[in-house]
1. Please give the peptides 129-136, 6-13 ranked by average Cβ packing (other Cβ atoms within 10 Å per residue), highest first, as a rough proxy for protection.
2. Let me see the P(r) profile for segment 126-166: every Cα-Cα distance counted, bins of 10 Å, each bin given as a percent of all pairs.
3. Can you pull a Stokes-Einstein diffusion coefficient for segment 25-69 at 25 °C (0.890 mPa s), Rh from Kirkwood over Cα pairs, as a whole number of µm²/s?
4. What order do you get for 4, 70 when you list them from fewest to most C-beta neighbours inside 10 Å?
5. Using just the C-alpha positions of segment 3-87 as equal point scatterers, what log10 of I(q)/I(0) does the Debye formula give at each q in 0.17 1/Å?
6. Using the Cα atoms of segment 142-183 to build a convex hull, what is its mean projected area in square nanometres?
7. Could you sort the peptides 52-65, 161-174 by per-residue average Cβ neighbour count (10 Å cutoff), highest mean leading?
């Protein structure tokens with residue numbers, strides 16, 4: 001392990017914020033590149049990157065210096081990605097424009113669906129709608145703009161006059177709330 005890295009880790013363990021910032025600066029690009037290589041949008045990669053560093057810094061005392069710090073971070077990033085995909089696969093499906101716009105059953109799209117499968121889909125949509133209603137209005141609006149109107153994080157930031165990082169945090173928190181509610 002590099003001497004500078006060891007010093008920064010020890011300073012971070014002592015609670016020094018500048019050491020945390022330096023470690024983040026050293027490894028952000030590599031963790032972000034790893035997450036971006038997955039089939040997720042840039043905003044989700046950035047959210048997962050933030051979450052990775054948050055978890056790593058929270059659990060820094062568990063880091064074993066006999067292993068590479070970068071490898072440890074990438075391991076956390078991989079686990080975050082797996083959890084994200086597991087938690088959000090159902091959510092992303094429910095947020096598809098088709099489901100949210102077509103609460104009424106469209107006979108042309110039935111194929112060989114059964115009345116039971118239609119009822120389950122309708123219940124899932126209704127559960128998602130109820131979960132959305134429980135979100136704070138600001139969170140609900142950001143989710144609507146992002147998933148329904150398919151606006152970028154930059155566009156949402158401009159429209160709602162809130163910072164880019166605030167939009168990202170709201171999206172991350174709202175997704176977590178919805179996932180907990182839907183499970």
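1. Per-residue mean Cβ counts within 10 Å order the peptides as 6-13, 129-136.
2. All Cα pairs considered, the percentages come to 30, 52, 17, 1.
3. It comes out at roughly 217 µm²/s.
4. 4, 70
5. The computed values of log10 I(q)/I(0) come out as -0.65.
6. 2.7 nm²
7. Going from most to least packed, we get 161-174, 52-65.
Values in this text are rule-based calculations from the coordinates and carry no lab data. Quick caveat: nothing in here was measured; it's all calculated off a predicted structure. Note that each Cβ is placed from the backbone with ideal geometry, even for glycine, and that neighbours are counted across all protein chains shown.
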